[in-house]
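Reading through the structure tokens given below for one structure.
FYI, it's all coordinate maths here, none of it is from the lab. Remember, it's a predicted structure, so these values are computed and weren't measured experimentally. Don't worry about glycine lacking a Cβ; one is built from the backbone with ideal geometry, like all the others, and counts go over all protein chains shown.
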Amino acid sequence: MPWFKWRGKAKTSPKPSTQETQSHENTLAVLSGVIAVLDTTKDLVPIDIAKGVLSTLSSILTTVKNTMQNKDDFGEVIDRCRKMGSFIERTTCGKSEGDIDPTLVRALSELNSFLGGIENTVKKKEQRKLHYRLISASVDRESIANFKEQLDSFLQMWDLELAVHADMTLSKVDGKIDKVDMKIERILRGTMEMKIDEPDREPPPGRPPMFFGRDDLVRDAVESLNLQHVVLVGPGGIGKSTIAKAILNEDSIIAKFHDRRFFVRFDNIDASQITFDIFIRRIADVLGVKSARLSTIKTHLAASDVLIVLDNAETFQDAVSGAGSIAEAIDDFGALPSVRVVLTTRNRRVSTNLRRTIIEVPALDPGAARETFTQIYGTDGSPATINKLLKDLDFHPLSINLLAHIATENQWTLERLTSEWEKKQTQLLEVGDGKFQSLSITIELSLESSSIKQLRNNARRVLQVLAFLPQGISETNMESLFPTIPNIRSIVDALCRLSLMYRKVEAYTMLSPIRIHISNAHQVRDTLTLDLIHVRHHYHAQLYDGGTWITTEDANVERLIAHDFFEATAEDISFIYQACSRFLRLLMQHKPRPTSLRTAILGKTESTPRLVDQNEFSYWKAWTIYHLGGLAAALSDDREAADLFTNAKYLFAHDQNHEMSAYCLERVATQYSSLGIVSAAEQTFQEALNLRREHHILSPDDEARINLRLSDAMVREGRLQEALTLLTSAREYFDSTGDAGDIGWAMGCQGEAEWHSGDYAAARQHFETRFSLATRTNDNFHHLWSLTQLARAEARDGNYMEARKLLEEAFTLASEGDDVNHTCDVLWQQAALASDRGDFDRARDILTRAFGEMATHEWQSAEIIAMTNDCSARNELFAGDFAKAKELFLGVVNSCDELSDFELQTRSSRALGEIALLEGDTAGARQWFTKTKSLCDDTGRHPDCLYIGNPHTQLKEEHNGWKLFLKERLPSA
């Protein structure tokens, strides 16, 4: 038995003998020696988990040395600790992490867990006011024996498991013990001279090879470092580490700090593994300091100017052991005049007292995101498709990088990439095991933080709901959305600090990649269902009250209703339709845009499922489809609107609601008129009148209103006198009611009919009356359109500057109304005026503005795009660029096939005939004119009335091929 093993036992005599005193001194010497060897070994081994084990062993023995009265009873425990240290040194020293046998790593992990169990026991003792000691000031021998037996049991299991895999097991360690004994002997003599080679200083990382859109952040950080420290805060994968590396390589930073620029990583270790010793050791390794002691590191840092980046600071901020000491150490570093510290962290709650500038790292701007993607993937493919894909990723740097790389590696086309992304989003963001290869790892690290664990299940409940609601949760509605979570604001604050969510205007939301991960990996159906009950109650109450709030929470309501349709039961379905009807009405009023609910709305039938109340179901479904039609009409999707109003008409008729059935027919007729199917429009208006007469619900107001719309169809059919008779009758009725809005409407319609009949003076008089009435009553709608009508009259009279002034005023009025249809309509008329004057460049600029107006809206109407292209084609035709005009008109014709816009298709076909004739292609001109005539016959439009409703698209008198064709005077080919 080696000489330092415990031979004697403590006496109970109050006065120890000389022999006992000597024995006690020997125990202290042995303890000091073993602790010194463990600390030295800890500096040599390359594996963090091994360092942790050695640190814990050293801590146990230090506690025994400093606090235990009966140190002499711990001889065998000391021996076991020494053996563990010797074995770890033998099996790990001089090897890289990749060379360590996996079995040894597993065994060390199990030992770490075993020692963690002892640590838990210590915590229980701490509750008894033993101040976090592993063993009390005087531990009975039975307890010490139990410690020894547990260690023996563990060591035997460890020895057996490693026997097959390792070249030396614990049973063979004794052959090497003599060397360790010699080290201890030298310590006891005070002559220990162990030489440890100073590790090489770790050079700073180079500038990131791909770095777009972050120059401003780097500049701000560098400027801040002149005065204080910097904290880069943001969610996982947002690019904090990349920015820190760029800072290290800025010219001014290199000039000031030279080679004393250091980057210390903490992303490859778990918070549960971090101790103060491991933290200090990591810094020492990067600095090239041989002694991993705080005082030594501080001396090294104080020598001259130094910049040190502590990457992934949330790891040690959430350390289970030593977080307070680590924060104090960072404060000590930062207090040195020579030191500047940069922290990168997901956690906005920085535990240090550094005087610092906090810089929030946002997602990339669209341009930088596109550069990042194309740098990896290339520029092949539609820019619009790339932009949509990047927007789906919320311009999140890591997600963009991962997606571009996987597309490149698989040699996918952009279309294939888009398809794969839509089918399996989460899988495409998982391409490896590290934080730079897997988005889920970066998120899970945040979810495993101690601050999240302290909140228990409530934090995950909030994240589930937040992932469910695309627009996040409003700050003012948190308590209403989460009534069963009393500390909801504290939870939201904690999640924001960890960058799992963030504040956007007056709401809290999360980045799309995080949302995708939470939705796929952390949605617990039962919990989410319970929480959605409160979310549903909140939003249904909001829908009932109405209001502009829908503009910021529309996607949330849409998501909830879609979910409810999918999960609908017989008892719920009518209630869901009621909520959906109110949602669509608010959307149409305050934020017209396409919706994804059409299939769900039309998919439910009376037979699926068995309904509690068939009448209530039919009633609310009819109103829901009606409002869906109104939304389509607001978006200029006239064919869809006509189909939906027809569908709603049948449901209302089934319920004997003749008033709404008639009104649906009027809406269908209006959509037919917008499509240019004038004969069908007239027929449907007549059907609505007949239905009202049949059921005795035709009021004078209804008749006058329908006649106004019916007259428009008659004008397009060339029946001008009949139309003027109806218009005069309707205007006289509205004059008698005194309703300014209806009078203005009648004035405008009558003026248009007179304009197209050639009575320009009468038309101008009606336009002026409409303008005066709108001005007097502050009616912006009639004010806007009377301005455009007056501008047309001024232009015809040669007063182009006055016409231009009126259209500028109309544009200002349209812009204030935030209606892209009205704004673009005015811009088309401005462009047409410029084209008529020969100012083709100005017309091009105006039409470019029209495209810009569309780009500022969440949706882009295909109808508006086609109309803008039609105006562009007209301008190029007038400019003499027939090739460009032909290309544009052909595009319009092709788009009209999809839009079912027969009016626009008719005009564009006529224009293509004129171009063909100008190019000398008489046969081609005849073909286009024949198609134009066929469209007129099919829709009921008179061939001389192609431009009614859109006079700004009228061609010049010199474009007379259409007239020659109608008179059968077109030259032969």
Per-bin percent of Cα-Cα distances, region 755-872 [10 Å]
14, 42, 34, 10, 0
Spacing of the two label points (7 Å from each Cα toward its C-beta) at residue 812 and residue 683, in nm:
4.8
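Fewest first, what order do 623, 928 take by the number of other Cβ atoms within 10 Å?
Details: 623 22, 928 25.
Result, fewest neighbours first: 623, 928.
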Compute the distance from the alpha-carbon center of region 677-702 to that of region 299-328, in whole Å.
80
Subtracting the Cα-Cα distance from 0.36 nm times the residue separation, let me have the gained length for residue 921 to residue 251 in nm, one decimal.
234.6 nm
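For a quick check: sort 264, 341 by the number of other beta carbons within 10 angstrom, fewest at the front. Provide the component values of the computation, followed by the final result.
Details: 264 18, 341 24.
If I rank by nearby Cβ atoms, fewest first, I get 264, 341.
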Output for region 778-862: GluC sites (Glu not before Pro) sitting in coil per DSSP, at most 10 other Cβ within 10 Å, listed by number, reads 858
Starting from the exponent 0.38 and prefactor 2.2 Å, build the expected Rg for region 861-973 from its residue count and divide its actual Cα Rg by it.
0.97
Taking 0.36 nm per intervening residue step and subtracting the Cα-Cα distance, what contour gain separates residue 379 from residue 740 on full extension?
124.3 nm
Stokes-Einstein at 4 °C, 1.567 mPa s, Kirkwood radius from Cα pairs: D for region 215-360 in µm² s⁻¹?
86
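Strictly over 27 Å apart at the Cα level, which of 388/453; 591/886; 805/931; 290/453; 240/391 would you flag in this model?
Beyond 27 Å: 388/453; 591/886; 805/931; 290/453.
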With each label point set 7 Å from Cα along the Cα-Cβ vector, what nm distance links residue 338 and residue 489?
4.7
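Ranked by Cβ crowding within 10 angstrom, fewest neighbours first, how are 253, 473 ordered? Intermediate values should be presented prior to the final figure.
On the way: 253 20, 473 24.
With the sparsest Cβ surroundings first, the list reads 253, 473.
Working out 0.36 nm times the residue gap between residue 596 and residue 456, then minus their Cα-Cα distance, what length gain in nm do you get to one decimal? Walk me through the numbers on the way to the answer.
On the way: separation 140, 0.36 × 140 = 50.40 nm, distance 3.55 nm.
The residue 596-residue 456 span can extend by a further 46.9 nm.
Is the shape of region 366-423 rounded, prolate or oblate, going by the alpha carbon gyration tensor and its root eigenvalues a ≥ b ≥ c, with a/c under 1.5 for rounded and a/b larger than b/c for prolate?
Working: a/c = 1.29, a/b = 1.23, b/c = 1.05.
Verdict is rounded for region 366-423.
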